[in-house]
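One structure below.
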Amino acid sequence: MKQSSELNALLRQIDHKGYPAYKQLRGEYQFPGYVLGIDHVQGDPFAAPSRVSVHVKGAQAAFPNELYRLACQKTALEDALLREMGRQLRGVSFQARGSGKSGLMSVSTPGQEVLSRSGCQLNDRTGDIVLRMEIGFPANGRSINARELEKILFDFLPKCVSHSLYYKALDAGKLKRTAELAEDQLAIRQMLSDRGLVAFVANGSVLPRESGVSSRPMKQAVPFQSPASMEVEFILPNKGALRGMGIPRGITLIVGGGYHGKSTLLKALELGVYNHIAGDGREYVITDGTAVKLRAEDGRSVKNVDISYFINNLPNGKDTVKFCTEDASGSTSQAANVIEAMEAGSQVFLIDEDTSATNFMIRDELMQRVVHRELEPITPYIERVRELYEDHGISTVLVAGSSGSYFHKADCILQMNRYVPADITDFAKEEAKAFPVLEELPAEVQPSFKRIFSQNRKLAGSDRIKMKTMGMDGISIDRETIDLRYLEQLADPEQLSMLAQIVKYAELNVLDGKKTLAQVVDILETLLTQKGFGGICGERNVTSGLAMPRRQEIFACLNRYRRL
Ligand code: ADP
Ligand code: MG
């Protein structure tokens, strides 16, 4: 390990030299209170900024163990530190000057969800902290401006570190509340299943967002209020008693006029698989962690999925037991999404009619009379929704404002009325009696999940595989794009970047033509839980800009990879 004074000497030597001389700085330097790692140096002032890490020993950082006793608390603390570091850096970024990205100083900027990120990782045994950031090494034109980098590394950064990564500099009360919130959120998650619930929405929650492009809470929103019949109370370890709506297992229908808040409620449930930060409005909206939003996804690729549970006898004679297509229709894509979500172990399906294929969801009586069963390849979801629950234990929460067909099937019917839900189960069931129940046939066979993939191309060495993340739209691996636009439960582009790493790892190390897809994902998931980002990327190759995806999205991503 070199001393920071050596870095200083090096800086003086390379001042005014050509930009590539910056490469000599790579290495680790002992600063007072932390180790600075210069992990990757950018090739020129306009390229992606250099990667730098800050390593603080547990004894120095000195965060009390109560703040990260539970895994969810550790993640919440890391998230809080990253946000604080971000605030500090905003004050100094671009204060050092030069061309291109000279002077940039940044870390990941988390949104409303609390995710485990490579940007800040705390070791729960030692209390050591690693913070990963980006710095634009300053230049004038293409010649090194080492004085400016000296400002960054010896003045700005030490101040930011001591204001954000040392316990003594932070607001202890706020950190305690962060840990308490995480513990309470976990408590609700754990109590859901004991109470026979799939989701909980606390009274007073704010569900709508500020706008289509901002996920901050809407100001002056109508706060959520549970119907009396569905109200449950949780006694939380820190907050104490908390009341709100419990959505029971089984089939729940959300109806109501257009613009009354149906999709907003469903969206909150979709993201309730993650914890939210204090002040978000959805911090006590908690959904079963396996819940999957299911929608139509025209054009997706489908590989060997047994959709015969829903679709049989296609007019082109295509096999629906091992269904393959490079360009699925609305109904076949949604059928594949359902079967794959079963395979991924989801216990709760979330569906919005706005984004579903109508012919997949329902077929009304008149249509059944006119177009005979034998000529219709699709068994709509409505004929399987009860079986899914009775035989597979999978609950459905469905938004359906325009069709009453599901009234017969639902266990619980909610009406959104000016953003406030009412329990109309009894009334709706009574009204439904006057309408005939459509004939339906039980499934003859249950779907099979024995899909096996191998990687079937010559792979370059792991560091020669080119990977790219296109915002929230998708990722590309060696120029093959995986379209992830319709995975609505991905919350952050950093999750997409991590998915790219995971897919690459799976291709190189796990897919072998023998393991089923579920076994492959099990292996990946175990690695991620036991070893974190390093388990997939290699301990020394973890970079900033990665966030953990769920098991369900790992599945979904592999399912959309056309190269397998
Ligand atoms: P629906 O799916 O029933 O047609 P949406 O959920 O799309 O309705 O909501 C319609 C509009 O109402 C959206 O612009 C949304 O932001 C807003 N909205 C939803 N919930 C609330 C609320 N609790 N308070 C105020 N506005 C809301
Ligand atoms: Mg809607």
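The values are calculated or read from the model by the stated rules, or taken from the named source; none is laboratory data. Just so it is clear, the structure is predicted and the values come from calculations on it, not from any experiment. Reconstructed Cβ throughout: ideal geometry from the backbone, glycine too, with neighbour counts over all protein chains shown.
Filter the range 406-458 down to the residues that are surrounded by fewer than 19 Cβ atoms within 10 Å (Cβ to Cβ), small (Gly, Ala, Ser) and assigned to a loop (DSSP other than H, G, I, E, B) and list them by number. Result: Ala434, Ala443, Ser448, Ser454. Take Leu314 and tell me if it is crowded, with 23+ Cβ neighbours inside 10 Å and either touching a residue at least 40 places away in the same chain (Cβ under 8 Å) or within 16 Å of ligand 2 (Cβ to nearest atom) (or both). Judged against the criteria, Leu314 is not a match. Scanning the range 271-303 for residues that are among the charged types (D, E, K, R), surrounded by fewer than 20 Cβ atoms within 10 Å (Cβ to Cβ) and under 25 Å from Leu181 (Cβ atoms) yields a count of 0. Here's a check for you: in the range 395-405, which residue that is of a type outside the set (S, T, N, Q) and not in a strand (DSSP E or B) is surrounded by the most Cβ atoms within 10 Å (Cβ to Cβ)? Across the range 395-405, the extreme among qualifying residues is Ala400. When only residues in the range 191-215 that are within 12 Å of ligand 1 (Cβ to nearest atom) and not hydroxyl-bearing (Ser, Thr, Tyr) count, which is surrounded by the most Cβ atoms within 10 Å (Cβ to Cβ)? Applying the filter and picking the extreme gives Val201. Set side by side, the residues Arg243, Arg177 differ, and just one is in contact (Cβ under 8 Å) with a residue 60 or more places away in the chain and either among the polar types (S, T, N, Q) or more than 15 Å from ligand 1 (Cβ to nearest atom) (or both), which is Arg177. If the condition is being in contact with a helix residue (DSSP H, G or I) (Cβ under 9 Å, 6 or more places away or on another chain), under 22 Å from Gly281 (Cβ atoms) and more than 8 Å from ligand 2 (Cβ to nearest atom), then the range 252-265 contributes Ile254, Gly256.
Looking only at the range 1-44, filter to residues that are in contact with an Asp or Glu (Cβ under 6 Å, 6 or more places away or on another chain) and over 11 Å from Ala139 (Cβ atoms); which one of those is modelled with the lowest pLDDT? Outline the logic, then answer.
Going through the range 1-44, the residues in contact with an Asp or Glu (Cβ under 6 Å, 6 or more places away or on another chain) turn out to be 1, 11, 19, 35, 37.
After this cut, where a residue has to be over 11 Å from Ala139 (Cβ atoms) as well, the list is 1, 11, 35, 37.
Working: Met1: 90, Leu11: 97, Val35: 98, Gly37: 98.
Step by step, filter the range 1-44, then rank; the result is Met1.
Reported count of residues in the range 217-251, each being of a type outside the set (Phe, Trp, Tyr) and either outside any strand (DSSP E or B) or within 16 Å of ligand 2 (Cβ to nearest atom) (or both), is 17. The set of residues in the range 510-542 being closer than 20 Å to Leu115 by Cα, among the hydrophobic types (A, V, I, L, M, F, W, C) and in a helix (DSSP H, G or I) consists of Val521, Leu524, Leu527, Leu528, Phe533, Ile536, Cys537. Just one of (1) among the small types (Gly, Ala, Ser); (2) in contact with a helix residue (DSSP H, G or I) (Cβ under 8 Å, 6 or more places away or on another chain); (3) farther than 27 Å from Thr264 by Cα; (4) part of a helix (DSSP H, G or I) trips up Gly545, so point out which. It is condition (4) that Gly545 fails. Of the residues making up the range 99-110, those that are buried (at least 21 other Cβ atoms within 10 Å of the Cβ) and in contact with a strand residue (DSSP E or B) (Cβ under 6 Å, 6 or more places away or on another chain) are Ser102, Met105, Val107, Ser108. Within the range 317-334, which residues are of a type in the set (Ser, Thr, Tyr) and closer than 18 Å to Ile482 by Cα? Matches in the range 317-334: Thr325, Ser329, Ser333. As a summary of the residue check, Val420 satisfies the conditions (1) within 27 Å of Tyr259 (Cβ to Cβ); (2) under 26 Å from the mean Cα position of the chain (by Cα); (3) among the β-branched types (Val, Ile, Thr) except for the one numbered (2). Scanning the range 202-216 for residues that are in contact with a Pro (Cβ under 9 Å, 6 or more places away or on another chain) and within 16 Å of ligand 2 (Cβ to nearest atom) yields Leu207, Pro208, Arg209. Scanning the range 461-509 for residues that are without any contact (Cβ under 8 Å) to a residue 60 or more places away in the chain, in a helix (DSSP H, G or I) and of a type in the set (S, T, N, Q) yields a total of 4. Only one of the numbered conditions (1) under 13 Å from Leu197 (Cβ atoms); (2) more than 25 Å from the chain's Cα centre (by Cα) is violated by Asn238, and that is (1).
Does Leu266 count as within 16 Å of ligand 1 (Cβ to nearest atom) and either more than 18 Å from the chain's Cα centre (by Cα) or not aromatic (Phe, Trp, Tyr) (or both)?
Here the answer is yes, as Leu266 does meet what is asked.
A search for C-beta distances below 7 Å between a residue of the range 396-409 that is modelled with pLDDT under 95 and any residue that is hydroxyl-bearing (Ser, Thr, Tyr) and in a helix (DSSP H, G or I), counting only pairs 6+ apart in sequence or on different chains, returns Ala400/Tyr406.
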